[in-house]
Structure formats: structure tokens, C-alpha cells
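Engineer: One structure coming up, written as C-alpha cells, with questions to follow.
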Amino acid sequence: MTGNLQDRLNKIIPRLTSDELLNNQGPGNDIGFYIFDYPPENELEVRDYIEVILKHIGRKKAGIRVKHINLFTLIVEYLTEAKFLDKAIAMQKKKGDQALAKALKGPLDAKKIARIFTAGVDPDNYDLILISGAGSAWPMLRSHNLLNNLHPLIEKTPVVLFFPGKYTGAGMKLFGLLEESNYYRAFQLVP
């Protein structure tokens, strides 16, 4: 892990437990949506660090209620519950990735997933929501589409997306390689 990434990771818990973030007192008092971007090759280190956050955040801020959602796990659970996962796997084997992507476009529409996300999370019962698995969920679910659809559904609870790529404040570039998707509503969690 590079020193710069480790320095940024070390700043996460103090930032997450700050009154400014938890009370949405950021620029313009906008809804607190934040992105922690990182080099995709450091995915495993960041996953491990999310576990550190979940284990130690309560020591920094007693009583904080944190919910962590992995987008890939959310998708798999939803498809399993809808009795579509086994069919999707069989379709992918028989007809390929493009046919599967087309078949999943409706069930995994970002607006629908945002509603499922908020129903499962119940944001009003948490002080902070952490989201991971953006890279694993791609291309089934695109992070910027999900965040755009979560904005009207989550009013008070700050949301942090851990993003394997680059966030410029104007757009998101997954894996640092794919075409940038316009998204400007979030703030960088740690510069």
C-alpha cells in the first residue's frame, strides 16, 4: 500500500466522526454524500480497512450507529430473493455476458435498487451509511446512477461510497480506466 493511501485511510475515522460530517454541516449544508476514491489495485487493503472502521469507530464516537452495505452482496441477495439468480447464471453460461446484461437491465435498474437499498437500510435509524462493492457490482449497477437515485430517498444520514477509481468532484472514473461519468453532488471524504 502506498504511503499516501495509508495517510488517507488514517484520516477516515476522524472525518467520519466529525460533527461537521455527521450533522451535514458541509458546503452549502447539502445532503452529506461523500466519496473515498482509491487506486483499484488497493481494493483488498480498502476492504480490510472498512472492517477496521466498523470495529473501531465506536471508540472514537460512542453510540454512533453505522450501517455498511456491499453493493455486490445487495444485488446477489436481491436476485436470490426474486428467484432470478440461478436463472441469471444459467443465462450467462448459455447466452453470454451481453444477453445477461440486457436481461438484468430492468431488475437492476438504479431507481429500483435505490428503493431496495433504502428499504433494507432504513437510513433514519443510522448516523452513517458506508457503501462498498462498487467495482464488484459494475457493470450491473453504476455507482453514479445509484447515488443520483439515493439523493431524494436519504435526507439526513451521511453516505460514504468507497470507490475504486478516481473522483474529481465533477465525475467518477471507475477503475481509473472507464469513461468518466458525470457526478458532482458528492464531496471527497478525504483529499
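Engineer: Can you say whether Gly120 is in a helix (DSSP H, G or I), within 15 Å of Phe72 (Cα to Cα) and more than 14 Å from the chain's Cα centre (by Cα), as far as the supplied structure shows?
Structural biologist: Numbers: in a helix (DSSP H, G or I): yes; within 15 Å of Phe72 (Cα to Cα): yes; more than 14 Å from the chain's Cα centre (by Cα): yes.
When the stated conditions are applied, Gly120 passes them.
Engineer: Hey, another quick one. So, restricting to helices (runs of 4 or more DSSP H) that lie completely within region 1-112, which ones have at least 2 residues that are surrounded by fewer than 18 Cβ atoms within 10 Å (Cβ to Cβ) and under 20 Å from the mean Cα position of the chain (by Cα)?
Structural biologist: Fully inside region 1-112 and qualifying: 3-10, 12-16, 43-60, 71-81.
Engineer: Select from region 152-178 the residues that are in a strand (DSSP E or B) and of a type in the set (Lys, Arg) and write down the one among them that is surrounded by the fewest Cβ atoms within 10 Å (Cβ to Cβ). Lay out the reasoning, then the answer.
Structural biologist: Looking only at region 152-178, we keep the residues that are in a strand (DSSP E or B), and these are 159-167, 171-174.
Checking which are of a type in the set (Lys, Arg) leaves us with 166, 173.
Numbers: Lys166: 18, Lys173: 16.
Here the answer is Lys173.
Engineer: Report, by residue number, each residue of region 115-154 that is more than 25 Å from Ile57 (Cβ to Cβ) and touching a strand residue (DSSP E or B) at 6+ places or on another chain (Cβ under 7 Å).
Structural biologist: Matches in region 115-154: Trp138, Arg142, His144.
Engineer: Among (1) in contact (Cβ under 8 Å) with a residue 24 or more places away in the chain; (2) assigned to a helix (DSSP H, G or I), there is one condition Leu130 misses while meeting the rest; what is its number?
Structural biologist: (2)
Engineer: How do the pairs read when you match residues in region 80-109 that are under 19 Å from Leu146 (Cβ atoms) with residues anywhere that are charged (D, E, K, R) and modelled with pLDDT of 90 or more, using Cβ under 9 Å and keeping only pairs 6 or more apart or on different chains?
Structural biologist: Gly106/Lys112
The values are calculated or read from the model by the stated rules, or taken from the named source; none is laboratory data. Computed from a prediction, not measured in an experiment: that's the story for all the values here. Here Cβ is always computed from backbone atoms with ideal geometry, including for glycine, and neighbour counts include all displayed protein chains.
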